[in-house]
Structure formats: structure tokens, C-alpha cells
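K.L.:
First the structure, then my questions, so here it is.
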Amino acid sequence: MKIAHLVGHGALNGVATSSRILIQAQLDAGHEVMLVHSLGSWIEHQKFDGPIQMMGSNFATTPKEIRRVGYAIRDWGEDVVHTHGSGGNKFGLVFRCAAGTPIVMTAHARQYQLPWLFAHEVIGLSQWTVDYYIKHWLVSRRHMHLLPNMFDVSRIEPVNAQSRKQARAVLGIREEAFLIGSVGQLGGRKNQIDMVRVLRQLLDKGVDAELLVIGSTKQGKDIMPDWDDAIAAPEVQGRIHLPGLRNDALDLLPAFDVFMMTSRDEQAPIAPLEAMAAEIPVLSTRVGNMVDLLPAGQTFAVGDVAGMAAAVLDLQDEAQRRAVGQAGRQEIARQLDPQRIAGEIDKIYRLAIERSSKRRLQK
């Protein structure tokens with residue numbers, strides 16, 4: 001099958017990472033891929049093993065750019081187009097209306113976009129996502145598919161004493177500190193201020209705890225109003241580490257003793273999966289597919305700082321952390337097996353082709 005992927009995200013984030021994993025799995029399965037990527041994006045600089053053509057675009061919704069990308073995909077001879085992100089979705093809308101191109105869109109976020117109504121098939125990454133689109137009548141139940149992002153645990157080594165020591169040395173964090181935290185841009189949606197509140201409760205209990213948040217510190221419009229005051233409190237001085245956006249974030253994961261996600265809204269975040277693959281215990285709010293991947297004792301209502309702090313206290317024991325971490329790696333290996341999910345996506349592509357006015361897929 002010849003699959004064209006339109007990835008509109010430029011930064012290193014869950015959309016880009018999951019798209020890369022999917023593309024490589026499809027190449028491994030013998031498909032041909034054309035990747036249309038944002039100019040200067042993270043995914044543009046990734047190496048793929050297999051027959052792939054790459055094309056840059058600014059995803060400007062102008063007739064000139066839409067024609068340029070559309071004609072390139074047509075001349076390449078696509079069987080199906082799979083879009084990721086609002087820029088790619090807009091192009092997919094036009095390609096379907098203008099040429100009847102089979103279009104599959106992945107809903108990486110819960111938001112209203114006109115293109116959803118024009119996709120032949122839509123993939124929701126969690127039940128949380130699927131319920132949102134069906135409830136708001138944006139996508140019919142018949143054409144909405146629940147299918148999580150695939151994840152290959154073999155590409156991440158479990159944390160060990162040496163990798164933990166090396167990561168902490170890079171970050172300047174004491175080996176004896178009990179380190180909690182996460183990876184992700186600071187902001188109201190990620191809600192990292194609750195991690196500061198957890199940190200304070202741990203310190204009150206006498207735990208030698210510190211907090212690490214890897215990611216951009218530019219909050220933009222999605223701000224946490226009390227963030228600056230929270231991290232300036234005397235009680236937490238010297239215990240909060242904000243190294244900013246790091247391209248080596250995956251290498252720094254072993255620094256964590258417990259990975260936390262306090263988000264108000266997620267669909268299928270990648271960072272906690274990477275932590276689980278590294279056998280680091282993960283605690284999360286009940287958002288996205290975290291409720292499917294984690295046992296009840298590791299998920300919490302948004303804002304349940306006390307519950308999270310209590311769970312962290314239970315994970316002070318190294319043997320307990322190891323057991324929880326190993327169980328997490330086994331769970332994502334079971335649920336997010338790339339070979340199985342790639343096969344399910346192939347079925348969705350075939351449904352899109354059947355629904356479209358182009359039925360050119362060779363059997």
C-alpha cells in the first residue's frame with residue numbers, strides 16, 4: 001500500500017513521536033510511505049528504514065500550497081492519505097472534496113475542526129477521545145475507530161543504577177534525592193502546579209524529595225496563574241529543576257524515581273509510555289488512555305494532590321518501584337503492540353478506500 005502521511009506539527013511532541021513510530025512500523029510491514037512534514041520540524045530530521053519520500057510544507061491554506069502538495073501526492077500514486085494535526089487535516093479536507101482522495105484522520109486532541117466532518121474514517125486514540133467526538137456529533141459512530149497509538153517497548157532500555165546516575169549527573173541532581181516529575185511544556189493543560197503541591201506534601205512528611213519538569217517553560221496563553229508564586233515559595237527552593245526543552249529528554253528519563261502526569265486533558269500522551277517502557281512507575285490523572293493502561297491505584301481525579309502524594313509515599317521502597325515499573329512495561333507491550341495495531345490501521349485504510357470515489361488499491 002502507498003500511504004501519504006501529512007504531519008503538521010513541527011515540535012517534538014506526542015503527535016510527531018507517534019507519527020514516526022507508525023511510519024516506521026508501516027515501512028517494516030512492506031508499505032511505501034510519503035511523509036509531508038512541516039518545514040524545519042523534528043520529524044523531518046528523523047531517519048527511517050525503508051522506502052520513504054519526504055516533502056516539506058508550511059501547510060499554508062493557500063491554493064498554491066494545497067495544489068503543490070496535492071499534485072505531488074497524486075503523481076506519487078497514493079492509495080490513502082493519513083493526516084495528523086490541524087494543518088494536515090485542512091489539506092485532507094480539500095483533497096477529499098477536490099479529488100475524492102481516501103482520507104483518514106487521527107484525533108490527537110479533543111477539539112472542534114470542520115475537517116473531521118469530511119474524513120472517510122477517524123481514529124480516536126482513547127475512549128475519552130471517541131466519546132467526545134461522538135457526543136458532539138462531529139463524527140458518526142460508524143466511522144469513528146478506537147485505536148491507541150502503538151508503542152515499541154524494545155527501543156527503550158529499563159532504567160538501571162548506571163543510567164540513573166548518568167542522567168542525574170547531566171541534570172545536576174543529587175543521587176540520594178527522591179525525584180518526581182514529568183516531561184511536557186509548562187501550562188494550564190498540563191497543570192504542573194499540582195506537582196509542586198505534591199512536592200510540598202512530601203517535604204512535609206520528611207521525604208527528601210525534588211521535582212523535575214523537562215519541557216518548554218514558555219506558557220503562552222495557556223498559563224497557570226499561581227505558578228511563579230508556587231515555585232518561589234521558600235519551602236521548595238533548590239528542589240525544583242526546570243531545564244527547559246531538551247532534545248535528550250528520553251536519555252534523561254532514568255533520573256526519575258516516579259513519573260507524574262497531572263494533566264487536565266490528554267488523549268494518548270507519549271511521555272508516560274516512555275517512562276513505563278523504562279520501568280519507571282507512572283501516576284496519572286484520569287485522562288485519555290491512561291485509564292486503560294494503568295491500574296486504578298495509579299490514576300487519580302484531576303486535582304487529587306493528596307491521593308497522588310500518598311501513592312508516591314508508597315513508592316519510596318525501591319523493590320515496590322521496581323515491581324510497579326516492570327508491570328507497566330509489560331502492560332504497554334501487551335496493549336500497544338505495533339504489529340497488531342498496524343494491522344488494525346490497515347483495515348481502517350481499506351474502509352476509507354471503499355468509502356471514497358477512488359478504489360485503486362491493488363489486492
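The values are calculated or read from the model by the stated rules, or taken from the named source; none is laboratory data. If you're wondering where the values come from, they're calculated on a predicted model, not measured in any experiment. Don't worry about glycine lacking a Cβ; one is built from the backbone with ideal geometry, like all the others, and counts go over all protein chains shown. Each accessible area value is taken on the protein alone, full model and side chains, heavy atoms only, with ligands, DNA and RNA left out. Shrake-Rupley method; radii C 1.70, N 1.55, O 1.52, S 1.80 Å.
K.L.:
Please compute the per residue accessible area over the stretch 144-234 with all protein chains in place, 1.4 Å probe, rounded to a whole number of Å². Walk me through the numbers on the way to the answer.
P.N.:
Values: 4410 Å² over 91 residues.
Accessible area per residue: 48 Å².
K.L.:
Can you give the helix-only mean residue ellipticity at 222 nm for the chain, where every DSSP H stretch with n ≥ 4 adds -39500 (n - 2.57) and the sum goes over all residues, rounded to the nearest 500 deg cm²/dmol?
P.N.:
Working: 13 runs with 142 residues, N = 363.
Dividing the helical sum by the residues of the chain leaves -12000 deg cm²/dmol.
K.L.:
A further question on this structure: For the stretch 246-363, what does the equivalent ellipsoid look like in terms of its semi-axes, each the square root of 5 times an eigenvalue of the Cα gyration tensor, given largest first in whole Å? Intermediate results must be reported in sequence, preceding the final value.
P.N.:
Numbers: eigenvalues 243, 52, 34 Å².
In descending order the semi-axes read 35, 16, 13 Å.
K.L.:
If I take every Cα pair under 8 Å that is 6 or more residues apart in the chain, average their sequence separation and divide by the length, what percent do I get for the relative contact order? If you can, show how the numbers build up before the last one.
P.N.:
Details: 690 pairs, mean separation 63.0, N = 363.
RCO, the chain: 17 percent.
K.L.:
Which distance in nm do the two modelled labels at Asp226 and Leu313 give, with both placed 7 Å along the Cα-to-Cβ direction?
P.N.:
2.1 nm
K.L.:
Let me ask another. Can you tell which of Pro225, Pro102, Pro148 shows the greatest fluctuation in a Gaussian network model of the chain with Cα springs below 10 Å?
P.N.:
The residue that fluctuates most here is Pro225.
K.L.:
Right, here's the next one. What pairs from Lys2/Lys218; Lys2/Lys90; Lys47/Lys190 go past 32 Å between their alpha carbons? Don't jump to the answer; show the numbers that get you there.
P.N.:
On the way: Lys2/Lys218 39 Å; Lys2/Lys90 21 Å; Lys47/Lys190 30 Å.
Lys2/Lys218, as the Cα separations exceed 32 Å there.
K.L.:
In straight Cα distance, which aspartates and glutamates are under 16 Å from Lys165, not counting same-chain residues fewer than 8 positions off?
P.N.:
Output for Lys165: Glu157, Glu175, Glu176, Glu210, Asp248, Asp251, Asp257, Glu279, Glu318.
K.L.:
With a 1.4 Å probe and all protein chains kept in place, how much accessible area does Phe48 have, in Å² rounded to the nearest 10?
P.N.:
40 Å²
K.L.:
To continue, here is another question. What percent does the relative contact order of the stretch 5-78 come to when contacts are Cα pairs within less than 8 Å and at least six residues apart?
P.N.:
Once divided by the residue count of the stretch 5-78, the mean separation gives 29 percent.
K.L.:
Once you have all Cα-Cα distances for the stretch 79-217, histogram them in 5 Å bins from zero and send the whole-percent values.
P.N.:
Reading upward from the zero bin: 2, 8, 13, 13, 12, 12, 10, 10, 8, 7, 3, 1, 0.
K.L.:
Continuing with this model, one more query. By how many nm would the segment from Gln320 to Thr217 grow when fully extended, if each residue of separation counts as 0.36 nm and the alpha-carbon distance is taken off?
P.N.:
Values: separation 103, 0.36 × 103 = 37.08 nm, distance 3.23 nm.
Gain on extension, Gln320 to Thr217, equals 33.8 nm.
K.L.:
Let me ask something else. Per residue, how much accessible area does the stretch 18-63 show when a 1.4 Å probe rolls over the protein heavy atoms, in square angstrom? Write out the running numbers ahead of the final one.
P.N.:
Numbers: 2110 Å² over 46 residues.
In whole numbers, the stretch 18-63 has 46 Å² accessible per residue.
K.L.:
With a 1.4 Å probe and every protein chain kept in, tell me what percent of the accessible surface of the chain is carbon plus sulfur.
P.N.:
Values: 8010 of 16170 Å².
Roughly 50 percent, rounded to a whole number.
K.L.:
Right, next: Using θ = phi - 60° and the Karplus form 6.51 cos²θ - 1.76 cosθ + 1.60, what ³J(HN,Hα) does each residue of the stretch 138-152 get, whole Hz, x for Gly and Pro?
P.N.:
Listing the rounded values in order: 8, 9, 6, 4, 5, 10, 9, 10, 8, 7, x, 4, 6, 8, 9 Hz.
K.L.:
Rg and Dmax in Å for the stretch 139-182, alpha carbons only: what are they?
P.N.:
18.9, 53
K.L.:
Let me ask another. Can you list the trypsin sites (Lys or Arg not before Pro) in the stretch 16-105 that are in a DSSP coil and have 10 or fewer other beta carbons within 10 angstrom?
P.N.:
On the way: sites: Arg20, Lys47, Lys64, Arg67, Arg68, Arg74, Lys90, Arg96; in loops: Lys47.
Listed in order of number, the matching sites are Lys47.
K.L.:
Taking 37 °C and 0.692 mPa s as the conditions, I'd like the Stokes-Einstein D for the stretch 44-158 in µm²/s, using the Kirkwood hydrodynamic radius from alpha carbon pairs.
P.N.:
Details: Rh = 15.6 Å.
Calculated translational D: 210 µm²/s.
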